[in-house]
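See structure below.
The values are calculated or read from the model by the stated rules, or taken from the named source; none is laboratory data. Just so it is clear, the model here is predicted, and its values are computed rather than measured. Surface areas here come from the heavy atoms of the whole protein model, side chains and all, with no ligands, DNA or RNA. Shrake-Rupley method; radii C 1.70, N 1.55, O 1.52, S 1.80 Å.
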Amino acid sequence: NFREDRGFVYLFFISLFLTVAFAVVIAVVMTALVFGESIGHQLFNRLHILQQFQPFWKLFRYFISILFMVALFTFVYSRGSDKNIGFYNSLPGAIFATLGWTLSSLIFAYYINNYTSPFITLYGSIGGMFALLMWLYISSTIILVGGEINAYYYLKRSDSR
């Protein structure tokens, strides 16, 4: 039983800031993952860098995406809660949420690309909206489970003191 001690205005601005942060990080991650290869080609051609750095660039853009997501989830879990659990203590849930969200997104993208052609053909844009809603549901469940992991460890640490 947690009681919210923060005021409405403070909660409003925290919520607004976290929403904007989510939008920015999702845009950066999607840009790095979707357009990262073409950005790398343009960058390497303009700077006259050898193509041997291409595998490094591929790893770097995945590393940047994962780093941004871990930082975002760590910030959300540490500052979004009324209890100040700190950045270090919110890392287990942030790492789980990042890896779970990435893995589920890859699996879901594979499923959509390979197994839903008759479904999309039959139901059209409503099928596409259903697929988007399912992805959002899976994503938010994973983010909530990450928060629950942090809450479990927080309560376990506070009980041991």
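Taking the Cα atoms only, what angle lies between the long axis of helix 91-115 and the longest principal axis of the chain, rounded to 10 degrees?
40 degrees
With a cut-off of 8 Å between alpha carbons and a minimum separation of six or more residues, what is the relative contact order of the chain in percent? List each step's numbers first, then the result.
Numbers: 96 pairs, mean separation 35.9, N = 161.
Normalised by residue count, the contact order of the chain is 22 percent.
Can you compute the equivalent ellipsoid semi-axes for the stretch 1-63, i.e. the square root of 5 times each eigenvalue of the Cα gyration tensor, sorted largest first and rounded to whole Å? Don't skip to the answer; put the middle values down first.
Working: eigenvalues 341, 27, 12 Å².
Rounded to whole Å, the semi-axes are 41, 12, 8.
If we restrict to alpha carbons, what Rg and Dmax does the stretch 1-156 come to, in Å?
19.0, 60
Where the accessible area of the chain is counted over protein heavy atoms with a 1.4 Å probe, how much of it, in %, is carbon and sulfur? Could the numbers behind the result be given before it?
Working: 8300 of 11490 Å².
The C+S portion of the solvent-accessible surface of the chain is 72 percent.
Gaussian network model of the chain, Cα springs within a sub-10 Å range: biggest mean-square fluctuation belongs to which of Phe63, Phe13, Phe75?
Top of the fluctuation ranking is Phe13.
On average, how much accessible surface per residue is there in the stretch 32-153, in Å², for a 1.4 Å probe, leaving out ligands, DNA and RNA?
On the way: 8150 Å² over 122 residues.
On a per-residue basis, 67 Å².
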